[in-house]
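Here's the structure, in structure tokens; my notes come after.
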Amino acid sequence: MRTSCLLAVLCLPLAGQQVTNYRTDINGRRVADGTTAAVTGGNTTTRMEVTQSINGRQIPKEIVEERVVSSDATGRVVERVVRRFDQNGNPAQAEKQRIEEKKNADGSVSSLATVYRQDINGRFELSERRRTEASKMGDTTTANVQVERPTLNGSLETVEKQVQVATDGKTAAKADVTTYRKDQTGRFVESWRSVTDSADQNGQRVENQAEYEPGENGRLRLAGQTVSRIRKNTDGTESREVDIFRNVPGRAETVAAPALRERQVIEQRKVGDQLIETTLVQRPTISDPNHLGAPVKIGERICTGAKCK
């Protein structure tokens, strides 16, 4: 399939949205950095991401085709095809996914996601199977996830487990995700954890996400934290200030908490049928690594369509 044919999806009337991303170059000029478009027809949705090659040509980066095979009160089945392309716009590895969701009589939900990836000969082979069992009690939803992958002899082996606990209230919410992977003895141990708390405070939404990774002793320690303050504007847009705290890779930290490494200020505004989102960022300078420098505009996102938000 030629690139010109692939890009034709961007010229079709959209039943969803079209998003164009821009970045700011070293001279402060706005440069197009890719477009994402979605087209919906019947039970099929096609999403295409286009980027620029080193020669300035528009080339496809990824195409995702999703088809709803069946959907009713007992659950639904979705088939998804993901086609990826290399930096020159040539087809790369493709992937097929089949997601089966089932609503059980007790209110719980079971899902099975099966992933097939192309080998070097273009044949699709089973590469992953993800089973999820989710149940809800009051405002709390608990999901247990089990990831299986093929072994050398072709059988499937559980390589990862995940426990997700989410609580949603009227003014506050919490999400706790813990991932377990096998250690050298074959036991499943904690390998990653994310805890997100959000609440309404003084007319804005405050979200605090903490990420934990294994430390020198193998136990989880705080590796990074993101604090977001979100304010809704009267026209439906929002303003967001995001503080990012991170440990410096490869350097032993002498303090218990990660240091502030970046602050993002994201402002939205509506112009006609477009939603324009501008991102400014502040980072420490080499001369003063303990303080944030002046804000610099790094990008802009323009969304066109009824589903922009």
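The values are calculated or read from the model by the stated rules, or taken from the named source; none is laboratory data. It should be emphasised that the depicted structure is a prediction, and the values quoted were computed from it without experimental measurement. All Cβ positions, even for glycine, are placed from backbone atoms using ideal geometry, and neighbour counts span all protein chains on display. Ligands, DNA and RNA are excluded from the accessible area calculation, which covers all protein heavy atoms including side chains. Shrake-Rupley method; radii C 1.70, N 1.55, O 1.52, S 1.80 Å.
Brief remarks on what is shown
- Per residue, the chain exposes 63 Å² of solvent-accessible protein surface, assessed with a 1.4 angstrom probe and all protein chains in place.
- Panel note: the C-alpha atoms of the range 49-123, placed on their principal axes, show extents of 57, 26, 17 Å (largest first).
- Ratio Rg/Rh [Cα only; Rh per Kirkwood] for the range 172-275: 1.11
- Dipole of the chain computed with +1 at Lys/Arg Cβ and -1 at Asp/Glu Cβ about the Cα centre; of L222, A257, I54, farthest Cα towards the positive end is I54.
- Carbon plus sulfur fraction of accessible area for the chain, probe 1.4 Å, in percent: 49
- Kirkwood-based Rg to Rh ratio, the range 90-246, C-alpha trace: 1.05
- Taking 0.36 nm per residue of separation and subtracting the Cα-Cα distance, full extension of the segment from D119 to R187 would add 21.4 nm.
- Remark: the chain carries a charge dipole of roughly 440 debye about the Cα centre, counting +1 on each Lys and Arg Cβ and -1 on each Asp and Glu Cβ.
- Geometric descriptor of the range 193-235, per residue, is 61 Å³ (volume of the convex hull of the Cα atoms).
- Note on the range 23-87: along the principal axes its Cα atoms extend 56, 22, 17 Å, ordered by decreasing extent.
- Equivalent-ellipsoid semi-axes of the chain, from the Cα gyration tensor, Å, largest first: 32, 31, 24
- Exceeding the 32 Å Cα-Cα cut-off - candidates K161/K307; K96/K136; K136/K270; K61/K170: K161/K307; K136/K270; K61/K170
- Length gained when the stretch A173-T44 is fully extended (0.36 nm per residue, less Cα-Cα span): 43.1 nm
- The range 123-157 and the range 32-105 have Cα centres lying 21 Å from one another.
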